[in-house]
Amino acid sequence: MTVHITPRRTYYLVFAVLMILTATTTGVAFIDMGPFNVVVALFIASIKAVLVVLFFMHVLHVTNLTKVFVAAGIVWLAILIALTLNDYLTRGWDPISRPF
Amino acid sequence: MSPIVTELPKIHYLNAAYGLKSWLLTTDHKRIAILYLITVTLYFFLGGFFALLVRLELMTPASDLLRPETYNRMFTMHGIVMIFFFLIPAIPAIIGNFVIPMMLGARDLAFPRLNLLSWYLFMAGGLFTLYVVVIGGVDTGWTFYVPYSSVYSNSYVVATGLGVFITGFSSILTGLNFVVTTHTMRAPGLTWGRLPLFMWSLYATSLVQILGTPVLAIAVALVGIERIWRVGIFDPSLGGDPILYQHLFWFYSHPAVYIMVLPAFGVVSELVQTFSRKRIFGYKFVAGASIGIAVYGFLVWGHHMFTTRQSVYAGLIFSFLSYFIAVPSGIKVFNWTATLYKGSVSYQTPMLYTFGFIGLFTIGGLTGLFLAAMGLDLHVHDTYFVVAHFHYIMVGGTVMAYLGAIHYYWPKMTGRLYPDAWGRFAALLVFVGFNLTFFPQFLAGYLGMPRRYAAYPEEFHLLNVMSTAGASVLAVGYLVPLIYLLWSLRHAPLAGPNPWGARGLEWQTPSPPPTFNFEKTPIVTDETYEYSLEEEEVV
Amino acid sequence: MSESTNALAHQFDDLEQQARSNTLGMWAFLATEVLFFGGLFTAYVVYRHAFPEAFAVGSKHMDVVAGTVNTAVLIASSLMMALAVQSAQLGLRRPLIMFLLLTMTLGAVFLGIKAWEYHHKYVENLVPGVNFVWEGPLRNQVQMLFLLYFIMTGTHALHMVIGICLLTYLVLGARRGRFSREYFFPVEIIGLYWHFVDLVWIFLFPLLYLIGLHL
């Protein structure tokens, strides 16, 4: 059985980047960017998440099968949110239904 | 037919150990399947008892046998018990647990202890529900719609919700176990292209269980939180939106219909081949259709909400998407019938159930298309048309396939046959009783009889009397197999390893199988369904 | 090697198959967890979309400093967990125990800060269903934010508690020398779970604490 062992230096490096991103996201939140505050906050959170998944959770070095399972969780979450919003974002487009 | 067998194998999974403890602490997938068989059967008859009370009440137009409040509890308990404690676990947890490792040529599932934990979670969830039955029931309908379930209902919603929540985790863990087992426990040579179709179906089912059930769990948990702390996640008077609950609920509960029916597809795919002695027509399409249904089934849930405040545009999109779910189901029905063509069909008990399934599922599926059409659904929403449609899929489909599977695998489970004449008689009773029960409901529903009321106008009387008469026949049809199968445990002739002359690894091991299924791990060298090759040219 | 042979469960042919199955099982479970939290995130998205002003006003009452510190604490505990897994892969027993204990400690610090925040909300009368008092406009909508805050962070905290229990189990196992270079998958899969809990927080933090700072 071959196990890929990530060197400690990589872990420390990823940790440092995560810390910088945490500081950045808090700092940026104090600047008013209108609707882009949400975008930026979620963008930074996503980068952090990808770093954790790829390095701490070793998805960089797992089989394709495992990657499919990782993707499945994300895709299904996207289905849940997208098709729910499909309702909420179109409320009030027609004369009958009221906006929420 | 296989040679006459005069004795059971000396050591098999049933006599490998004795005593209650050897059963309650077992990790053998076959014994866990038997535990499920016993408990799920009890729930089936409990749910059936509630159904019978509902039908008796509806025999007359007035609400006379039961008070309306009691009637509400009866149909709710019927729905909850049948869906969460019979339909969802029936084929996966009983038949799947029993045969999956054997089909794969493995000693057990990937996680035997987790499998036992699933059964205990199922029991714990079931006990909560039974507790509710004893102390007075729940009246929200099996859907727990808010704000009724969160604010107004004065029945035992939290305890029932907890029961469903716990049982949900049992379902998730079973699905997880099957998925991992399919990936990692296949015998050498058993490639994905050689997997039995039952495996494909259960794999698809398990995906839905893993990805859908947690959303139900959280939705029910939120109702519980709302009820206990009197807060308003879904309460419109506190700023919440009850439709959000329905979105979360149906995100699971529409795919849950496929949790209930996909395993039945798998059973029918097996039986249709064994009893027509032919390889399935279009293996890849049938296998792919299972996965297709599992994935695509998550995109259509809004068709349960056409009459709510869901936006009309969302309704249109869900309606449009819903039509396409008929494609993979249609592929399956056509391929099963094409398999029968020029096959050497034998009309034994499991095959009769298979025929019943194909016909009734087709009716149920086509009426589903009616309901997916937004305009028509506004007319028949919450009428008996929906009830009939649903029961054609669930009872005409899943229960038929489940009974077929029980008869098919009974010799493998117990080592004994059953009286086939009685079996065919019961299958006929079930088919006749079923149609007499539910076909009149299509008519009543289309004429506008609403569901979930204890009383109804005089004009629907005849149809309801027919329905109740049919339900009585159906009840007898379900009791007969219970009797002769129990009788067969002692008195029926021995079956031998392969009484049906079927293919597949599960038929190559003795009946009942030894604890670890195979003497040594089998090596697969050819297709699973190599029925008499000379008929191959027909395909 | 005898120790590793004992670690092989009867249903598997070899340790490699066992490790593969368990890792895959944990990932499948995490997919379930994504959807479990997913229901809550969906509720958040819907209500945030419906009540933007109320959410902005309400989130001013979140303690940004505590939230940021907690994020750092949790990421640090994730680092410790990653190092624990690496020590297990290398078969180093003492570092494994040390890193596991550090992971647990940081997890406990997180829960401590969380409890302190909860206490503050209680003192400020901001706990829906217990003592929620809001004098300004949009009472119900602001209450929705706090309701989601308590449910989401509460579910997250429950996962942390479970994680700490699992880590305790690992420490006990490691002290008895159960893990080796051939048999370390329990450390690995519990590590995956721990990182997942960290991931949930990475999204909860900006969504709950940072949305209304500039209004």
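Would you please name the residue that is surrounded by the fewest Cβ atoms within 10 Å (Cβ to Cβ), looking only at residues in the range B:370-394 that are of a type outside the set (Val, Ile, Thr) and under 18 Å from B:Phe265 (Cβ atoms)? Give the derivation first.
Keep residues of the range B:370-394 that are of a type outside the set (Val, Ile, Thr), which gives B:370-379, B:381-382, B:384-385, B:388-392, B:394.
From what's left, under 18 Å from B:Phe265 (Cβ atoms): B:389-392, B:394.
Values: B:His389: 24, B:Phe390: 19, B:His391: 21, B:Tyr392: 26, B:Met394: 21.
Filtering first and then ranking leaves B:Phe390.
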Open item on the list: Can you confirm whether B:Val231 is touching a helix residue (DSSP H, G or I) at 6+ places or on another chain (Cβ under 6 Å), surrounded by 24 or more Cβ atoms within 10 Å (Cβ to Cβ) and at pLDDT below 95?
Closed with: yes
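Okay, residues lined up against (1) buried (at least 17 other Cβ atoms within 10 Å of the Cβ); (2) facing another protein chain (nearest Cβ under 7 Å):
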residue: A:Thr22; (1), (2): yes, yes
residue: A:Gly27; (1), (2): no, no
residue: A:Asp32; (1), (2): no, yes
residue: A:Phe36; (1), (2): no, no
residue: A:Phe43; (1), (2): no, no
residue: A:Ile47; (1), (2): no, no
residue: A:Val50; (1), (2): no, no
residue: A:Leu54; (1), (2): no, no
residue: A:Thr66; (1), (2): yes, yes
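Somewhere in the range C:77-98, is a residue within 14 Å of chain B (Cβ to nearest Cβ), among the polar types (S, T, N, Q) and free of Cβ contacts under 8 Å to residues at least 24 places away in the same chain? Break it down stepwise before answering.
Residues of the range C:77-98 that are within 14 Å of chain B (Cβ to nearest Cβ), as a first pass: none.
Scanning the range C:77-98 turns up no residue that is within 14 Å of chain B (Cβ to nearest Cβ), among the polar types (S, T, N, Q) and free of Cβ contacts under 8 Å to residues at least 24 places away in the same chain.
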Open item on the list: For the condition facing chain B (nearest Cβ under 9 Å) and within 23 Å of the chain's Cα centre (by Cα), what is the one hit in C:Leu74, C:Leu35?
Closed with: C:Leu35
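Condition test on B:Thr308, is it among the polar types (S, T, N, Q) and either in a helix (DSSP H, G or I) or crowded, with 23+ Cβ neighbours inside 10 Å (or both)? Working first, answer last.
Numbers: among the polar types (S, T, N, Q): yes; either in a helix (DSSP H, G or I) or crowded, with 23+ Cβ neighbours inside 10 Å (or both): no.
Here the answer is no, as B:Thr308 does not meet what is asked.
Among the residues of the range C:42-54, which ones are of a type outside the set (Gly, Ala, Ser) and either at the interface with chain B (Cβ under 7 Å from one of its Cβ atoms) or in contact with a helix residue (DSSP H, G or I) (Cβ under 7 Å, 6 or more places away or on another chain) (or both)?
C:Thr42, C:Tyr44, C:Val45, C:Val46, C:Tyr47, C:Arg48, C:His49, C:Phe51
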Task: Criterion (among the aromatic types (Phe, Trp, Tyr), within 14 Å of chain C (Cβ to nearest Cβ) and touching a residue at least 12 places away in the same chain (Cβ under 8 Å)) met by exactly one of B:Phe275, B:Phe285, B:Phe251 - done: B:Phe251
Open item on the list: I want to confirm something. Restricting to the range C:144-167 and keeping residues that are in contact (Cβ under 8 Å) with a residue 60 or more places away in the chain and facing chain B (nearest Cβ under 9 Å), which single residue is nearest to C:Leu208 (Cα to Cα)?
Closed with: C:Leu148
- [ ] Give the residues of the range A:5-20 that are more than 7 Å from chain C (Cβ to nearest Cβ) and in a loop (DSSP other than H, G, I, E, B), sorted by residue number.
- [x] A:Pro7
Task: Single residue of the range C:126-159 satisfying the filter (hydrophobic (A, V, I, L, M, F, W, C) and surrounded by 22 or more Cβ atoms within 10 Å (Cβ to Cβ)) that is farthest from C:Ala43 (Cα to Cα) - done: C:Leu126
Open item on the list: Conditions first: (1) part of a helix (DSSP H, G or I); (2) buried (at least 16 other Cβ atoms within 10 Å of the Cβ). B:Leu42 passes all but one, so which condition is the exception?
Closed with: (2)
Task: Residue pairs meeting the criteria (Cβ under 6 Å; at least 6 apart or on separate chains; first within 16 Å of B:Val432 (Cα to Cα) and modelled with pLDDT under 95, in the range B:385-405; second buried (at least 24 other Cβ atoms within 10 Å of the Cβ) and of a type in the set (Gly, Ala, Ser)) - done: none
Task: Filter result for the condition that a residue is closer than 21 Å to B:Ile91 by Cα, away from chain C (no Cβ under 14 Å) and modelled with pLDDT of 95 or more, over B:Leu197, B:Leu162, B:Leu176, B:Leu207 - done: B:Leu197
Task: Single residue of the range C:58-67 satisfying the filter (more than 14 Å from chain B (Cβ to nearest Cβ) and touching a residue at least 60 places away in the same chain (Cβ under 8 Å)) that is surrounded by the fewest Cβ atoms within 10 Å (Cβ to Cβ) - done: C:Lys60
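Being under 20 Å from C:Leu208 (Cβ atoms) and facing another protein chain (nearest Cβ under 8 Å) is the requirement here; does A:Ile81 meet it? Step through it out loud before you land on a result.
Details: under 20 Å from C:Leu208 (Cβ atoms): yes; facing another protein chain (nearest Cβ under 8 Å): yes.
So A:Ile81 passes the test.
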Task: Conditions (1) at pLDDT 95 or above; (2) over 21 Å from C:Met26 (Cα atoms); (3) out of contact with any Lys or Arg (no Cβ under 8 Å at 6 or more places or on another chain): number failed by C:Gln141 - done: (1)
Open item on the list: Any residue that is surrounded by 13 or more Cβ atoms within 10 Å (Cβ to Cβ), assigned by TED's automatic domain parsing to the domain that holds A:Phe15, in a helix (DSSP H, G or I) and of a type in the set (Phe, Trp, Tyr) - is there at least one of those in the range A:84-100?
Closed with: no
Task: Conditions (1) within 14 Å of chain C (Cβ to nearest Cβ); (2) surrounded by fewer than 21 Cβ atoms within 10 Å (Cβ to Cβ); (3) within 26 Å of B:Val395 (Cα to Cα); (4) of a type in the set (A, V, I, L, M, F, W, C); number of the one not met by B:Leu117 - done: (3)
TODO: Enumerate the pairs (first residue in the range C:116-141 and within 14 Å of chain B (Cβ to nearest Cβ) and in contact (Cβ under 8 Å) with a residue 40 or more places away in the chain; second residue anywhere and loosely packed, with under 12 Cβ neighbours inside 10 Å and part of a loop (DSSP other than H, G, I, E, B)) with beta-carbon separation below 9 Å, excluding pairs fewer than 6 apart on the same chain, so at least 6 apart or on different chains.
DONE: C:Leu126/C:Val133
TODO: Filter the range B:125-167 down to residues that are in contact (Cβ under 8 Å) with a residue 40 or more places away in the chain, among the polar types (S, T, N, Q) and outside any helix (DSSP H, G or I), then give me how many there are.
DONE: 3
Open item on the list: Among the residues that make up the range C:168-175, is at least one of them buried (at least 16 other Cβ atoms within 10 Å of the Cβ), touching a residue at least 40 places away in the same chain (Cβ under 8 Å) and either closer than 19 Å to C:Phe55 by Cβ or within 14 Å of another protein chain (Cβ to nearest Cβ) (or both)?
Closed with: no
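Here is a yes/no grid of residues against (1) in contact with a Leu (Cβ under 6 Å, 6 or more places away or on another chain); (2) more than 30 Å from B:Pro196 (Cβ to Cβ); (3) assigned to a loop (DSSP other than H, G, I, E, B):
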{"position": "B:Gly224", "(1), (2), (3)": "no, yes, no"}
{"position": "B:Ile233", "(1), (2), (3)": "yes, yes, yes"}
{"position": "B:Tyr258", "(1), (2), (3)": "no, no, no"}
{"position": "B:Ala264", "(1), (2), (3)": "no, no, no"}
{"position": "B:Val268", "(1), (2), (3)": "no, no, no"}
{"position": "B:Gly288", "(1), (2), (3)": "no, no, no"}
{"position": "B:Gly297", "(1), (2), (3)": "no, no, no"}
{"position": "B:Gly302", "(1), (2), (3)": "no, yes, no"}
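The values are calculated or read from the model by the stated rules, or taken from the named source; none is laboratory data. This is a predicted model, so every value here is computed, not measured. Glycine also receives a Cβ, built like all others from the backbone with ideal geometry; neighbour counts cover every protein chain displayed.
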